[in-house]
Amino acid sequence: MTAAPEQIDVLDAAREQVLERGVGLDEQQVLQVLELPDERIADLLALAHEVRERWCGPEVEVEGIVSLKTGGCPEDCHFCSQSGQFPSPVRSAWLDIPGLVRAARQTRDTGATEFCIVAAVRGPDKRLLSQVRDGIKAIRADGNDIQIACSLGMLTQEQVDELVEMGCHRYNHNLETARSHFPSVVTTHSWEERWDTLRMVREAGMEVCCGGIIGMGETLAQRAEFAVQLASLQPDEVPLNFLIPNPGTPYENYPVVEGPDALRAVGAFRLALPRTILRFAGGRELTFGDLGAKQGMLGGINAIIVGNYLTNLGRPAQQDLDMLTDLNMPIKALSQTL
Amino acid sequence: MSVVSAKFCQFCGKSSDEGDHAACQRRLSMIDPPRYCAECARRMVVQVTPGGWTARCSRHGEITSAR
Ligand code: SF4
């Protein structure tokens, strides 16, 4: 009888592989991290924080986002209160240019370096792109040099080129969840269609921002699958959201992700993506409350969205900025990003 | 924000006098702007921005997060 091979502790392996060599964990390893018992969470977060400091540095990237076109989307993403296919209370709205300029100014005044313009659409039409173009011009005319990102759904090559020419430096398009889980979350378009947009964005020279939502009924194995699929995309940024069960959506009765599970996800995604900007995005308020947000910032996160989200509210920006001061974490300056 | 003497819950749009709205209040105090008019329960057109929100009822006008 031969003895079973000794199992190497995944955090010990990660210390050598991720911290020392900068090589992200593979799918099996990520799954092991997601399965760690509660008493190992503190060790996981401490390691993820070391990895983030080693490969990304101490700065935190601060971003604000705004919804240019809210609601009435023809797609059926089951988590989304802006889909026109579900009886959600969210009604359609367009933000006018002065409102967009004010939102960009509010964002810049927090010290943020990123401002993301978002629209609830399958992909942009001429009217939306022209609104974005006018909006970017007006933001610049206001003396605001914040970096502008966009999130306007799936793009054609022509639209990708147009956004580059407008000065959009980063494009957000989330894969949302593991490829194997996507068909149960969205039926009106495919994971591959989203991937195609991301590929075009990357090839055109824009930064790629691509993340997703934890807590949409995926298994831990699918959570691990998603982390390594994102890693294979090599995105510049990964926004990590936690499901907000919004009324009227098919997921309205899904449970909020438990704090310990969310912290395991934060640590695991950092260990899969050592060099990526890992951003705390929507849902952290419900999932973590105030205490957990700090734990996440000390567990591999190096970017936050401050202020409100698209249809949900966040903590007041000042509260997050104070938290960063308390944690002694410098905010990335615009000069560092140019 | 919520209207204390509201006839209707601004989160779920149902009568404030019927049922338990503790969970609705929790959402409104944490992460949701009002979605239904407190006077008539119409769905409002809501615009969220980084620093606030406005919510407009076609009958009862606009309310905002600004104090
Ligand atoms: S495409 Fe975007 S806005 Fe439309 S339903 Fe899906 S997540 Fe919501």
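The values are calculated or read from the model by the stated rules, or taken from the named source; none is laboratory data. No experiment lies behind these values; they were computed from the predicted model shown. Using ideal geometry, Cβ is built from the backbone for each residue, glycine included, and neighbour counts are taken over all protein chains shown.
When the helices (runs of 4 or more DSSP H) confined to region A:189-280 are screened for residues that are under 25 Å from A:Ser88 (Cβ atoms), those reaching at least 3 such residues are found at A:191-203. Per the conditions (1) in contact with a strand residue (DSSP E or B) (Cβ under 8 Å, 6 or more places away or on another chain); (2) more than 14 Å from chain B (Cβ to nearest Cβ); (3) crowded, with 24+ Cβ neighbours inside 10 Å, the sole criterion not satisfied by A:Gly267 is (1). Here A:Asp161 meets the list (1) over 14 Å from A:Ile97 (Cβ atoms); (2) assigned to a helix (DSSP H, G or I); (3) within 16 Å of the ligand (Cβ to nearest atom) almost entirely, failing just condition (3).
For region A:108-129, check the following and say yes or no: at least one residue is in contact with a His (Cβ under 8 Å, 6 or more places away or on another chain) and surrounded by 17 or more Cβ atoms within 10 Å (Cβ to Cβ).
no
Per-residue answers, yes or no, for (1) under 19 Å from the mean Cα position of the chain (by Cα); (2) modelled with pLDDT under 95; (3) surrounded by fewer than 18 Cβ atoms within 10 Å (Cβ to Cβ); (4) of a type in the set (D, E, K, R):
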residue: A:Asp142; (1), (2), (3), (4): no, no, yes, yes
residue: A:Gln157; (1), (2), (3), (4): no, no, yes, no
residue: A:Thr177; (1), (2), (3), (4): yes, no, no, no
residue: A:Ser180; (1), (2), (3), (4): no, no, yes, no
residue: A:Ser184; (1), (2), (3), (4): no, no, yes, no
residue: A:Trp191; (1), (2), (3), (4): yes, no, no, no
residue: A:Glu203; (1), (2), (3), (4): no, no, yes, yes
residue: A:Leu230; (1), (2), (3), (4): yes, no, no, no
residue: A:Gln234; (1), (2), (3), (4): yes, no, yes, no
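A single entry from A:Gly283, A:Gly289 fulfils the requirement of being buried (at least 22 other Cβ atoms within 10 Å of the Cβ) and at positive phi: A:Gly283. Report yes if some residue within region A:36-44 is out of contact with any Cys (no Cβ under 6 Å at 6 or more places or on another chain), more than 30 Å from A:Met323 (Cα to Cα) and at pLDDT 95 or above; otherwise report no. No, region A:36-44 contains no residue that is out of contact with any Cys (no Cβ under 6 Å at 6 or more places or on another chain), more than 30 Å from A:Met323 (Cα to Cα) and at pLDDT 95 or above. Checking A:Pro247 against (1) surrounded by fewer than 19 Cβ atoms within 10 Å (Cβ to Cβ); (2) under 22 Å from A:Val185 (Cβ atoms): exactly one of these is not met. Which one? Of everything listed in (1) surrounded by fewer than 19 Cβ atoms within 10 Å (Cβ to Cβ); (2) under 22 Å from A:Val185 (Cβ atoms), A:Pro247 misses just condition (1).
Consider region A:70-101 and keep the residues that are at the interface with another protein chain (Cβ under 9 Å from one of its Cβ atoms) and surrounded by fewer than 19 Cβ atoms within 10 Å (Cβ to Cβ). The one that is nearest to the ligand (Cβ to nearest atom) is A:Ser92.
For region A:167-180, the candidate set comprises residues that are in contact with a Lys or Arg (Cβ under 9 Å, 6 or more places away or on another chain) and assigned to a loop (DSSP other than H, G, I, E, B); within that set, the residue that is farthest from the ligand (Cβ to nearest atom) is A:Gly167.
For A:Leu128, state whether it is outside any loop (DSSP other than H, G, I, E, B), within 16 Å of the ligand (Cβ to nearest atom) and over 23 Å from A:Ile244 (Cβ atoms).
Numbers: outside any loop (DSSP other than H, G, I, E, B): yes; within 16 Å of the ligand (Cβ to nearest atom): yes; over 23 Å from A:Ile244 (Cβ atoms): yes.
Spelling it out, A:Leu128 is indeed outside any loop (DSSP other than H, G, I, E, B), within 16 Å of the ligand (Cβ to nearest atom) and over 23 Å from A:Ile244 (Cβ atoms).
Considered as a group, the residues in region A:48-69 that are crowded, with 23+ Cβ neighbours inside 10 Å and more than 14 Å from chain B (Cβ to nearest Cβ) include one that is nearest to the ligand (Cβ to nearest atom), and that residue is A:Val60. Summed over region A:281-292, residues that are part of a helix (DSSP H, G or I) and either closer than 21 Å to A:Cys209 by Cα or among the aromatic types (Phe, Trp, Tyr) (or both) total 2.
Residues are listed down the side, and each one gets a yes or a no for (1) within 14 Å of chain A (Cβ to nearest Cβ); (2) farther than 18 Å from A:Gln82 by Cα; (3) of a type in the set (S, T, N, Q):
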residue	(1), (2), (3)
B:Arg26	yes, yes, no
B:Pro33	yes, no, no
B:Cys37	yes, yes, no
B:Gln47	yes, no, yes
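Candidates are the residues of region A:102-122 that are farther than 28 Å from A:Met323 by Cα and in contact (Cβ under 8 Å) with a residue 60 or more places away in the chain; the one that is farthest from the other protein chains (Cβ to nearest Cβ) is A:Arg122.
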